[in-house]
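Here is the structure we will look at, set down as structure tokens.
The values are calculated or read from the model by the stated rules, or taken from the named source; none is laboratory data. Because the structure is predicted, anything quoted here is derived from the model rather than measured. Here the Cβ is made from the backbone with ideal geometry for all residues, glycine too, and neighbour counts use every protein chain on show. These accessible areas exclude ligands, DNA and RNA; they are computed on the full protein's heavy atoms, side chains included. Shrake-Rupley method; radii C 1.70, N 1.55, O 1.52, S 1.80 Å.
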Amino acid sequence: MTNQVQPHFGRIAECRSCRSTQLEVVLDLGQSALADRLLTAEALGKPESRYPLELVFCQSCGLAQISYTVPPAELFCNDYPYFSSVSEELQRHTIANVRELIAARRLGPESLVVELASNDGYLLKHYQAAGIRVLGIDPAEPPAKAAIAIGVETLIDFFTVDLAKRLRGSGVAADVVHANNVLAHVADTNGFVAGIEALLKKTGVAVLEFPYVRDLVDHCEFDTIYHQHLCYFSVASVDALFRRHGLYLNDVRRIPIHGGSLRLFVEPVENVKASVRSLLDEERSIGLNTVEYYRGFGARVEALRRSLLETLTDLKAAGKRIAAYGAPAKGCTLMNYFGIGTDLIPYTVDKNRFKQGRYMPGTHQPIHAPERLLEDQPDYALLLPWNFADEILAQQAEYRARGGRFIIPIPEVRVV
Ligand SMILES: [Zn+2]
């Protein structure tokens, strides 16, 4: 243990949460190109950065995390932004979440809802429509500007404890702080949580969502490991993190989004509900916060790799044509670690127009608009954003009606 602040990039010497140095490697995905670093045609011929991608486990607090932090300037470029509003499933999930919180916390015109990583206002716009004051904070300019354009007040900035204190000093105090899929992505884990604490009213609640490491391991979702995604929380490891900052995990739910996530309700006053106690008990009984739980995961990932490569090479040998669907960050991990090049899969398609015309990192498949599937009608399409499989299969009914089939790689290879 040390009180020295560790540098926020490079190889970590200590746990991002508790600062223990007892870190054990549990899965090594080799040197990987940066997920989301989609390439332009000009960049194709130039050398591409690769960084170690390795999952380590903290023997002290039970937090699984990757061992290498890529400098944020390298990682978060904003010329191929993610727009949350693109996914219909995410929109439905968001509206239900907002309605429930407005009722449960009796929010009204005097209330303030702050969202960290507010993206294009996909969530806050629903509070605003209900007459509730909102403030978004997001460093990514294109989606933040899209939020401002629809009237959602947004600070274009990184959320830090300093920013939180400045806001609090100027009278900003939140009844609700939302932080969806961001806590696991920030290099300064403790600073981010301290910032939430600084921003929340004593009666306020922070609502956070992120993928649950238990689902990741149980369902072999190894492709959700990429450089932007630094921490992989269990209930016990995140509980310890919040308590260190005077915040209490009082309620928790498992939700199906993104392959299995947690929604946490965190408050400055301790009032721990049965939901938290029962998940902590489950984690203890299955040994989730022990390194043994993670051993064997690597062997299952390897078996999945063999199974998918065999399926693809057999199909190709039989004269079938294969494309991919989607260019998500997780697709980069899968394609890179499995070594799926343009010889096996010549291109992919994606609904996000900012991704179209670019190339997959590392494996260099060009990204076309989804219409390409109908124009070209490949026999098979490898579905990379498998977490949105139902939605995508429904959207691609025409491709399937004409005989096209999808290969879903996770948790095991399925052809539908
Ligand atoms: Zn730790």
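Observations, loosely collected:
- Within the range 7-22, the set of residues being loosely packed, with under 15 Cβ neighbours inside 10 Å and either closer than 13 Å to Cys231 by Cα or among the β-branched types (Val, Ile, Thr) (or both) comprises just one member, Thr21.
- Meets criteria (away from the ligand (no atom under 16 Å from the Cβ) and either open to solvent by 10 Å² or more (accessible area, probe 1.4 Å) or of a type in the set (Phe, Trp, Tyr) (or both)) for Asp175: yes
- Some residue of the range 335-346 being touching a Phe, Trp or Tyr at 6+ places or on another chain (Cβ under 8 Å), hydroxyl-bearing (Ser, Thr, Tyr) and outside any loop (DSSP other than H, G, I, E, B): yes
- Cross-chain or 6+ apart pairs with Cβ under 6 Å, the range 57-75 first and open to solvent by 50 Å² or more (accessible area, probe 1.4 Å), then assigned to a loop (DSSP other than H, G, I, E, B): Gln59/Gln22; Ser60/Cys18; Ser60/Ser20; Ser60/Gln22
- Meets criteria (under 28 Å from Gly30 (Cβ atoms), under 25 Å from the mean Cα position of the chain (by Cα) and surrounded by fewer than 15 Cβ atoms within 10 Å (Cβ to Cβ)) for Glu282: no
- All of (1) over 15 Å from Thr290 (Cα atoms); (2) more than 9 Å from the ligand (Cβ to nearest atom); (3) surrounded by fewer than 19 Cβ atoms within 10 Å (Cβ to Cβ) hold for Val25 with one exception: (1).
- Subset of the range 220-249 [open to solvent by 10 Å² or more (accessible area, probe 1.4 Å) and of a type in the set (Gly, Ala, Ser)]: Ala236, Ala240, Gly246
- Residue count for the range 1-60, restricted to those that are within 19 Å of Ala184 (Cα to Cα), among the β-branched types (Val, Ile, Thr) and either in contact with a Cys (Cβ under 7 Å, 6 or more places away or on another chain) or modelled with pLDDT under 90 (or both): 1
- Any hit, the range 93-113, residues being touching a His at 6+ places or on another chain (Cβ under 8 Å) and either in a loop (DSSP other than H, G, I, E, B) or under 20 Å from Leu167 (Cα atoms) (or both): yes
- Among the residues of the range 255-304, those that are among the charged types (D, E, K, R) and either at pLDDT 95 or above or assigned to a helix (DSSP H, G or I) (or both) comprise Arg263, Glu267, Glu270, Lys273, Arg277, Asp281, Glu282, Glu283, Arg284, Glu292, Arg300, Glu302.
- On the stretch given as the range 217-254, residues that are more than 16 Å from the ligand (Cβ to nearest atom) and assigned to a loop (DSSP other than H, G, I, E, B) total 10.
- Looking only at residues of the range 127-142 that are touching a residue at least 24 places away in the same chain (Cβ under 8 Å) and surrounded by fewer than 21 Cβ atoms within 10 Å (Cβ to Cβ), we find that the one that is nearest to Phe354 (Cα to Cα) is Pro142.
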